[in-house]
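Accompanying notes for the structure given below.
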Amino acid sequence: MESTAIYRKPRKWVAAVLGLLCQPLGMLYVARPGWAAAYFALALVVVLGNMLVLRGRELAGDLIALLVATICAVHAYRLARSYRELLRRPWYSRWYGLAGIVAAFAALALGIRVFLFEPFGFPSRSMVPSIEPRAHLIVRKWGYGNYGTFGIHVMRTGMSSEVKRGDIVVFEYPEDTTVSYARRVIGLPGDRISYYDRRLKINDEDVPIRRIADYVDKDRTAPLLQFLERLGDREYPVVVEPEARAGSPVAKAFPFKDRCAYSAEGLSCRVPEGQYFVLGDNRDHSSDSRVWGFVPAINIIGKVEYILQ
């Protein structure tokens, strides 16, 4: 004889709570995989909409998410109430099935975040205009040998991906590796980098630059001077403040500082082996290698692949 537990109807209050907290689980609990997929897709739309469309209007995004959750809770409650007692519930609607699904998705998401791609929030103005404050960065991690997430290192291996001039990389800040920075790679190991009077040279050759329309910053009354800088086949915008002093920022003590020479007009550095020289695109408002030195290769987390402004 079959156990009556197999044919037990889903509990209405459990369905409502799951629907409110995690819509796909609420639908799986009442044995509606099609609705689970639909609510999962809707959740993705809401998340992407918050990131891409409703930036700066988080309250509206939160209200939309709450509305979807409330609708799903009511929907799951009604489906549980109308569930037929003689209908055998599939494995994925039982507690062990739901727990297994949650564990599998959590492991998959964690694995992707540790080894493949990881999102980072970027609050700084140091990379304007390439990266606006509060943008979201999607960073490719495989091949850079620094694997971990949420401040926990899982493993470190040798770097197999090539770091190129012009790449924007996320790295552990050399003075506090619990903090992540994003800057543009300018100098590779062995390069000689010079930055005098806002003119960048690599290995004693001027980096091509041309003036374009001023950059209008909504938080400033005066526009910033904007240029297109070219490194190899890569061209990207940089900005400078007309009123700012053209010399280099005040430098801290850092490893290999003896490889750099500072003056009132700027600095020049020979990049050591296993190190990289990085700059912010907002040249007069960026804390970078001019201030705190080189980025060790082992500190690089990955390359920025997508910028969600």
So if I take the centroid of the Cα atoms in the range 116-191 and the same for the range 223-276, what is the distance between those two points in Å? 18 Å
Candidate aspartates and glutamates for bridging to Lys141, where Cα separation is under 16 Å - those fewer than 8 sequence places away on the same chain excluded: Glu118, Glu162, Asp167, Glu172, Glu305
For the chain, the percent of accessible surface on carbon and sulfur atoms (probe 1.4 angstrom, ligands and nucleic acids excluded) is 62 percent
Residues with beta-carbon under 9 Å from that of Val169, excluding Val169: net charge, scoring Lys, Arg +1 and Asp, Glu -1? +2
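How would His136, His75, His285 line up by accessible area, probe 1.4 Å, largest first? Provide the component values of the computation, followed by the final result.
Values: His136 65, His75 40, His285 100 Å².
Sorted descending by solvent-accessible area, the residues read His285, His136, His75.
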Using all C-alpha to C-alpha distances in the chain, build P(r) with 10 Å bins and read off the rounded percent in each one. 6, 21, 24, 18, 13, 10, 6, 2, 0
Of the convex hull enclosing the alpha-carbon atoms of the range 47-147, the direction-averaged projected area in nm² is 9.8 nm²
Just the Kirkwood number for the range 220-265, please: inverse of mean 1/r across all distinct Cα pairs, in Å, one decimal. 13.7 Å
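Might you tell me the accessible area per residue for the chain, computed with a 1.4 Å probe and given in Å²? Working shown, then result.
Working: 16450 Å² over 309 residues.
With the other protein chains kept in place, the chain gives 53 Å² per residue.
Semi-axes of the equivalent ellipsoid of the range 179-220: what are they in whole Å, largest first, if each equals the square root of 5 times a C-alpha gyration tensor eigenvalue? Mind showing how you got there, number by number?
Details: eigenvalues 121, 67, 14 Å².
Listed largest to smallest, the semi-axes of the range 179-220 are 25, 18, 8 Å.
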To the nearest 10 degrees, the tilt of helix 33-52 (Cα long axis) against the first principal axis of the alpha carbons of the chain is 30 degrees
So what's the angle, to the nearest 10 degrees on a 0 to 90 scale, between helix 58-81 and the longest Cα principal axis of the chain? 20 degrees
With Cα atoms, 0 to 90° folded angle of helix 95-111 axis to the chain main axis: 10 degrees
Please list 3J(HN,Hα) in residue order for the range 276-287, calculated via the Karplus relation 6.51 cos²θ - 1.76 cosθ + 1.60 where θ = phi - 60°; whole Hz, with x for glycine and proline. 9, 9, 10, 9, x, 6, 8, 4, 8, 9, 9, 8
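Provide the net charge surrounding Tyr276, with neighbours chosen by a C-beta distance below 15 Å and charges set as Lys +1, Arg +1, Asp -1, Glu -1. Display every interim value, and only then the final one.
On the way: positive: Lys164, Arg165, Arg183, Arg184, Arg192, Arg259, Arg270, Arg290, Lys303; negative: Glu162, Asp167, Glu172, Asp191, Glu273, Asp288.
Summing Lys and Arg as +1 and Asp and Glu as -1 gives +3.
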Partnerless cysteines (no other Cys beta carbon under 4.7 Å) identified across the chain are Cys22, Cys72
Hey, what did the chain get for relative contact order, percent, Cα under 8 Å, at least 6 apart? 18 percent
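Using only the Cα atoms, what convex hull volume per residue in Å³ does the range 151-308 have? If you can, show how the numbers build up before the last one.
Details: hull volume 21.5 nm³, N = 158.
For the range 151-308, the hull spanned by Cα atoms encloses 136 Å³ per residue.
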How about Lys257: which aspartates and glutamates have a C-alpha closer than 18 Å to its C-alpha, ignoring those fewer than 8 places off in the same chain? Glu175, Asp176, Asp191, Glu265, Glu273, Asp288
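The values are calculated or read from the model by the stated rules, or taken from the named source; none is laboratory data. Note that the structure is a prediction, hence the values are computed from the model and not measured. Heads up, the Cβs are rebuilt from the backbone with ideal geometry, glycines too, and the neighbour counts pull from every protein chain shown. Just so you know, the surface numbers come from the protein's heavy atoms only, side chains and all, with ligands and any DNA or RNA stripped out. Shrake-Rupley method; radii C 1.70, N 1.55, O 1.52, S 1.80 Å.
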